[in-house]
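Down below is the structure, laid out as structure tokens.
The values are calculated or read from the model by the stated rules, or taken from the named source; none is laboratory data. All figures in this text were calculated on a predicted structure; none of them were measured in a lab. Quick reminder, even Gly has a Cβ in these numbers, built from the backbone with ideal geometry, and neighbours come from all protein chains shown. Heads up: the accessible areas ignore ligands, DNA and RNA and are worked out on the full protein's heavy atoms, side chains in. Shrake-Rupley method; radii C 1.70, N 1.55, O 1.52, S 1.80 Å.
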Amino acid sequence: MSAPSQPAISLPGFLFKPPQRIVDLGCGPGNSTAVLESRYPKAELVGMDSSPDMIRKAQSTLPHLDFTVEDLESYSPNSRVIKRLMETQPSGGVFAFQVPDNLDQPSHVSMRETAKNGPWAAKLETIGRDSFQSPREIYDALKPISSRVDVFHTSYYHALENHEAIVEWVKGTGLRPYLDPLDPQEKEAFLEDYLRRLKDAYPACVDGRVLLPYPRLFVVAVKN
Ligand SMILES: C[S@@+](CC[C@H](N)C(=O)[O-])C[C@H]1O[C@@H](n2cnc3c(N)ncnc32)[C@H](O)[C@@H]1O
């Protein structure tokens, strides 16, 4: 994550009014925090992330801002994270977030297919992420304490150089839990099989590049 991602640039565009105080939840190395700072230079801005490494990077890039290592989950062990975070808002406060919604994309379906159909199947049996809450679940969680809840999807289409670039794209995130338990030989065979599936699923474009659709779920809600 060396440059701000497009979703981090898009999300602030959906806030209803310039915020006075912003908490960048899951700020990573501070890319999104820097976007927020340049967009809202007058706002009080802090960043938090569960990864100490990310916070170290963010703090060294933006030494004038406050960053803390915290886990969103531990904010609310017994209730839904989203509702709990909304409850921390003052009346009229805006809670905005965006998350990847790509578990049904061929990039992720292919991972599961590769995992199920190789000699590593038993090792990888329990791997796989739960899907994020549905738009209705999110709406139902937020609406009782919000005056307005907007839920929408945006698909970003990334024109990547080739299919190998898709593998690199997901290696640090969705693919990692599948690769971690494998030994080097299995890893190589797994990646080969996965790449073959990607080539079937994503036909090349006119210039040889591969268009990777990346759907994201956006939520913007105002506390009542
Ligand atoms: C894809 S990065 C996004 C970074 C940055 N917001 C951006 O847009 O460039 C997601 C970040 O969320 C953090 N994260 C994941 N789960 C978290 C949790 N439960 N609590 C806090 N941060 C979390 C990760 O450490 C990672 O830095």
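Remark: the chain carries a charge dipole of roughly 780 debye about the Cα centre, counting +1 on each Lys and Arg Cβ and -1 on each Asp and Glu Cβ. When the inverse distances between all different Cα atoms of the stretch 99-224 are averaged and flipped, the Kirkwood radius reads 16.3 angstrom.
Compared with the dominant Cα axis of the chain, that is its longest principal axis, helix 184-201 is turned about 80°. Note on the chain: the C-alpha convex hull projects to 13.9 nm² when averaged across all orientations. Taking the protein heavy atoms of the stretch 99-224 in the context of the full set of protein chains, the accessible area attributed to carbon and sulfur is 50 percent at 1.4 Å.
Of interest is the spacing of the C-alpha centroids, which for the stretch 169-189 and the stretch 1-57 amounts to 30 Å.
Helical runs assigned H by DSSP (4 residues or longer) give the chain a calculated mean residue ellipticity at 222 nm of -10500 deg cm²/dmol, each run adding -39500 (n - 2.57) before division by the residue total.
Taking the longest Cα principal axis of the chain as reference, the axis of helix 106-116 is set at about 50 degrees.
Compared with the dominant Cα axis of the chain, that is its longest principal axis, helix 52-61 is turned about 60°.
When the charge dipole of the stretch 99-224 is built from unit charges on Cβ atoms (+1 for Lys and Arg, -1 for Asp and Glu) and taken about the Cα centre, the candidate among Leu179, Ser131, Ser110 whose Cα reaches farthest toward its positive end is Ser131. Taken over the C-alpha atoms, the stretch 22-129 has Rg and Dmax values of 18.1, 56 angstrom. Based on protein heavy atoms only, the chain ends up with 57 Å² per residue of surface accessible to a 1.4 Å probe. Dividing the Cα radius of gyration of the stretch 1-70 by its Kirkwood radius returns 0.94 for Rg/Rh. Classified by the C-alpha gyration tensor, the stretch 153-224 has an oblate form. Its axis ratio a/c, with a ≥ b ≥ c, is 1.5 or above, and a/b does not exceed b/c. Extension gain for the segment Glu137 to Asn224, taken as residue separation times 0.36 nm less the Cα-Cα distance, is 29.5 nm to one decimal.
For the chain, give me the percentage of DSSP beta bridges that are antiparallel, rounded to the nearest 5 percent.
Details: 21 of 30 bridges.
Taking every DSSP beta bridge with both residues in the chain, the antiparallel ones total about 70 percent.
Gain on full extension, evaluated as 0.36 nm per residue between Trp169 and Asp104 minus their Cα-Cα distance, stands at 21.8 nm.
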